[in-house]
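Input: a single structure, listed below in structure tokens.
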Amino acid sequence: MPLLEVGSLTIDYPTSRGAIRAVEDISFSLKKGETLGLAGESGSGKSTLGLSIIRLVPYPGVIVKGHIKIDETDILKLPEDEMRFIRGRKAAYIFQDPMTSLNPVKRIGAHFIELIRTHEPNTGKEEAFERTKTVVKNLGILSERINDYPHQFSGGMRQRIMIGLAIALNPDLVIADEPTTALDVIVQAKILDLLESLRKVYGMALILISHDLSIILERCDKIIIMYAGHMLEYATSIEMHRNPKHPYTQGLLQSIPNIELSDQKLVAIPGSPPDMLNPPKGCRFWPRCSYAKKICRVKEPPLIKVGRNHFVRCFLYGKKGVHVERNRKS
Ligand code: ATP
Ligand code: SF4
């Protein structure tokens, strides 16, 4: 039984200029302890998809279709008070910018104690305090520092605190949305290592959202490549690395520097993502795809199975998941 099951999920942002379909017909599942990466350029729908899992799609976003099941319960059908129980205890979110999530006039320890006692009203102040000290120690922060305010910490330390707040209630699933974007590469690696070690200690599943495919490949069991609200490819990390199928995934991989290859030529994907108020007809990637054919401009390619646990949305692959061009008899 999967911990999380997302089916046919479709999310719109109605605007005065028309509706933006930020997420369209996305389905996937996640088992306990598994890690899933959501990769794609800015505006591809990663955060909207992530936030929908804790039912916090920002206004004016609406989930127009689909289901999100956590432990077989469709959270889209739950009343808000039950949803509050799920948030934090079953699934927690680590936001991009810790400064907007931490209260600047509240000491760090108070953030933890309030969180624990709000979700677990029977926990006394003393016990909540002791638990806070343990979590803070696990974050590699001296327990005395729980009396400090958020502005007294560096960006990396604040992001550690956000991770601590996400795991404090021992949820089954943590969604980390670009948790290291604003940090330098060394701090970035340390934070991701910390997240990984805590994930193992606490036995959580993780959804890691990043525009950086190299981070996702290194840290996740499986990957969804998002583009303009669509899932273009879904595979295990190993499969995605060894055998990427979609021209967009191939392009993303060619733009990752590899220090082991001295003569590597980095290739950027030409063009930019579409205007989501007016996305291209047919395959959303066709204006940037060097393989685009007539059919790609008029028809949307379906998501098809191309291997065990490997799916792709591209006309280059026929009904049985075989590359059409390569297998055409001349
Ligand atoms: P980023 O990496 O920049 O956060 P993303 O891949 O997470 O991007 P989303 O933030 O989910 O993408 O946005 C998906 C689409 O929905 C974009 O076209 C964006 O402009 C649109 N969108 C997001 N939030 C809103 C909103 N509150 N109102 C209207 N449109 C929105
Ligand atoms: Fe390129 Fe066509 Fe495949 Fe889209 S469907 S990625 S345009 S070949």
Helix 108-119: inclination vs the chain longest Cα principal axis, degrees, rounded to 10, gives 80
Mean accessible area per residue over the range 7-118 (1.4 angstrom probe, all protein chains present, square angstrom) is 47
One point scatterer per Cα, no solvent, Debye formula: log10 I(q)/I(0) for the range 100-169 at q = 0.27 Å⁻¹ comes out as -1.35
Taking every DSSP bridge whose two residues both lie in the range 128-271, the antiparallel percent to the nearest 5 is 55
Taking alpha-carbon centroids only, the range 133-156 lies from the range 173-242 a number of Å equal to 24
Here the range 158-171 yields Karplus 3J(HN,Hα) values (6.51, -1.76, 1.60; θ = phi - 60°; whole Hz; Gly and Pro given as x) of 5, 5, 4, 4, 4, 5, x, 5, 5, 9, 4, 9, 6, x
Here P(r) for the range 89-134, Cα-Cα distances in 5 Å bins, as whole percents, is 5, 20, 25, 24, 19, 6, 0
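When only the heavy atoms of the protein chains count and the probe is 1.4 Å, how do SER52, SER16 rank by accessible area, highest first?
Values: SER52 0, SER16 125 Å².
Correct descending sequence by accessible area is SER16, SER52.
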Put MET240, MET276, MET99 in order of accessible area, largest first, probe 1.4 Å, and you get MET99, MET276, MET240
Taking every other residue with Cβ under 10 Å from the Cβ of SER210 and scoring Lys and Arg +1, Asp and Glu -1, one gets -1
With a 1.4 angstrom probe the carbon and sulfur portion of accessible area for the chain, in percent, totals 52
Convex hull around the C-alpha positions of the chain: the volume in Å³ per residue is 156
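Suppose only helical runs count, i.e. DSSP H with n ≥ 4. What mean residue ellipticity at 222 nm does that imply for the chain under -39500 (n - 2.57) per run, divided by all residues and rounded to the nearest 500 deg cm²/dmol?
Details: 11 runs with 104 residues, N = 330.
The per-residue figure over the chain is -9000 deg cm²/dmol.
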Taking Cα atoms, the helix 185-202 axis meets the longest principal axis of the chain at an angle in degrees (rounded to 10) of 70
Bridge orientation stat for the chain from DSSP, antiparallel percent rounded to 5, came to 60
Expected sort for 207-213, 265-271 on mean C-beta neighbours within 10 Å, highest first, is 207-213, 265-271
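The values are calculated or read from the model by the stated rules, or taken from the named source; none is laboratory data. Predicted model, so just to flag it, every value in this text is computed and none were measured. With ideal geometry, Cβ positions are generated from the backbone for all residues, glycine too; neighbour counts draw on all protein chains shown. For the accessible areas, the whole protein counts, side chains as well, though only heavy atoms, and no ligand, DNA or RNA atoms are used. Shrake-Rupley method; radii C 1.70, N 1.55, O 1.52, S 1.80 Å.
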